[in-house]
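The values are calculated or read from the model by the stated rules, or taken from the named source; none is laboratory data. Worth saying up front: this structure is predicted, and the values here are computed from it rather than measured. Using ideal geometry, Cβ is built from the backbone for each residue, glycine included, and neighbour counts are taken over all protein chains shown. What goes into the accessible areas is simple: the full protein's heavy atoms, side chains included, and nothing from ligands, DNA or RNA. Shrake-Rupley method; radii C 1.70, N 1.55, O 1.52, S 1.80 Å.
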Amino acid sequence: MVLSASLHGCLAATGQGQPPRKPTSIHPRAGVRSSVFLPVSGNVYPLGYYSVTIGIGNPPKPFQLDIDTGSDLTWVQCDAPCTGCTLRRDQLYNPSKNNFVDCKDPICLAVNSPNPPQCKNPNEKCCFQVQYADHGSVLGFIVLDTFPLRLVNGTLSKPNLAFGCGHRLQNRGLHPPTPTAGVLGLGKSKASISSQLSSMGVTKNVFGHCLGDNRGFLFFGADFVPKSGMTWTRMLQSSSYKHYSSGPAELLFSGKPTGIKGVNVIFDTGSTYAYLNLKVYETVLNLIRKNLSGKQLHDVKDKALPICWKGTKPFKSVRDARNYFSTFALSFTGSSNVQLQLPPENYLIVTEQGNVCLGILNGAEAGLGTTNVIGDISLQGKLVIYDNENQMIGWANADCNRKFG
């Protein structure tokens, strides 16, 4: 999840002269909107991320990108030259002079909305800086290039999309996670890939993901949205909620109230685990431990996560341990009978040592304050759809190891 992002004030020299380029813009174009389907690979443990491979440029060069609904800007490691990059030089994105976006270009303004970039001269490069919650950061320049995308109607679309050419990575943590080349930003702003595809008339501003055991899929557009069977809740709209957020919700355990109400949550595929504010986290931990009382599970130290248990013999999967645990649920109080069910598979992992560990972490210790984040672990096995056209988030249980529909 992004803590802050800006598209000005980059540390690199940005005033280097470059040929004047005709201003570009992000405006709707006429055309039949279709959808894009992309296979996803990855897992919660041991990798800790899910990614897609997208071609950029002409001819297209493939880049593996971490899918992140918690950030807006897509970026790739870039040979500009690069400091802190994890890929070999021949694997980096290599921009030409014509790819760079000027600071005064409407695209620079669009991806930096609502704060206009601070331009010292008209030909200054549009640059960005992103700070992630895991203390990783990336800076670089905004560029434009072709993203060849095969649409489900059979046509090949080649939109020119704006993204980040990241040339300075610092304390990057899992952004991007090795061996990915960068991040696919799926957030709500005009900078996100979904917003850009929509503004160009390629797809509707709707996308969804389905994260399975080791694979899944991601789609842009409305063709994969089921006509029925989805549970929907409204996105929070105030300026305080820049991410895909919903609430307030009441926390249930085994179908019963826990006394925790008014919980707002962020849906963030850029986070491996769930993060809860201190009060909610302590309640969850106490409920689990009380529920385990008298059962044949014992606390054990495991490097994978802070809270782990061992059984009488090593567990092979969460399915082996699920009977020791109960289901949590978030009941969204603003809607009638809208619940996000979190069975043991959505908050536990089994480690290489055969221990079962809690994939719910203390958000305060992670520097998230009172923020509550629903990460990959809690989104597994669900088709999750972000309908920016109608400002709704929906989900349904699904087999994410096969194509939906």
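Brief remarks follow.
- Computed with every protein chain present, the accessible area of residue 193 is close to 10 Å² [probe 1.4 Å].
- P(r) for the range 137-249, from all Cα pairs and a bin width of 10 Å, is 11, 34, 38, 16, 1 %, short bins first.
- Sequence-ordered 3J(HN,Hα) estimates for the range 154-160 from the Karplus curve with 6.51, -1.76 and 1.60 and θ = phi - 60° stand at x, 8, 9, 9, 10, x, 8 Hz, glycine and proline given as x.
- Dipole magnitude of the chain, debye to nearest 20 (Cβ charges: Lys/Arg +1, Asp/Glu -1, about Cα centre): 300 debye
- Gaussian network model of the chain, Cα within-10 Å springs - most flexible of 100, 315, 37: 315
- Å² of accessible area per residue within the range 193-344, as computed with a 1.4 Å probe and no ligands counted: 48 Å²
- Under a 5 Å amide H cut-off, with hydrogens placed 1.01 Å from N, residue 125 pairs with 16, 103 among residues at least 5 apart or on other chains.
- For the chain, with all protein chains in place and a probe radius of 1.4 Å, 49% of the accessible heavy-atom surface sits on carbon or sulfur.
- Taking Cα centre as origin and charging only the Cβ of basic (Lys, Arg, +1) and acidic (Asp, Glu, -1) residues, the dipole magnitude of the range 231-397 rounds to 540 debye.
- Using a Förster distance of 45 Å, the FRET efficiency for residue 365-residue 156 (Cβ separation, nearest 0.05): 0.45
- Options 271, 296, 326, ranked by Cα towards positive dipole end of the range 231-397, top entry (Cβ charges): 296
- Size of the chain as Cα extents on the principal axes (Å, biggest first): 73, 44, 36
- Label zone (residue 238, point 7 Å along Cα-to-C-beta; backbone nitrogen cut-off 19 Å) within the range 327-357: 332-335.
- J(HN,Hα) series, the range 102-107, from Karplus relation 6.51 cos²θ - 1.76 cosθ + 1.60, nearest Hz, glycine and proline x: 6, 4, 8, 5, x, 5
- Counting only Cβ charges, +1 for Lys and Arg and -1 for Asp and Glu, the dipole size of the range 34-220 around its Cα centre is about 260 debye.
- Mean projected area of the Cα convex hull of the range 343-405, taken over all directions, amounts to 6.6 nm².
- For the range 34-220, the spherically averaged projection of the C-alpha convex hull amounts to 10.4 nm².
- The string of couplings for the range 339-352 from the Karplus curve (6.51, -1.76, 1.60, θ = phi - 60°) is 10, 9, 7, 10, x, x, 5, 9, 8, 10, 10, 10, 8, 5 Hz, one whole number per residue in order, with x for Gly and Pro.
- Estimated Rh, the range 311-351: Kirkwood, alpha-carbon pairs, angstrom: 11.7 Å
- Radius, Kirkwood style, for the range 231-397 when every pair of distinct Cα atoms is counted (Å): 16.4 Å
- Backbone amide hydrogens, once placed in the peptide plane, bring residue 215 within less than 5 Å of 42, excluding anything fewer than 5 places away on its chain.
- Relative to the longest principal axis of the Cα atoms of the chain, the long axis of helix 278-292 lies at roughly 40 degrees.
- Label-point gap, in nm, between residue 291 and residue 256 - each point 7 angstrom along Cα→Cβ: 1.2 nm
- Extension gain from residue 278 to residue 83, taking 0.36 nm per residue of separation minus the Cα-Cα distance: 66.5 nm
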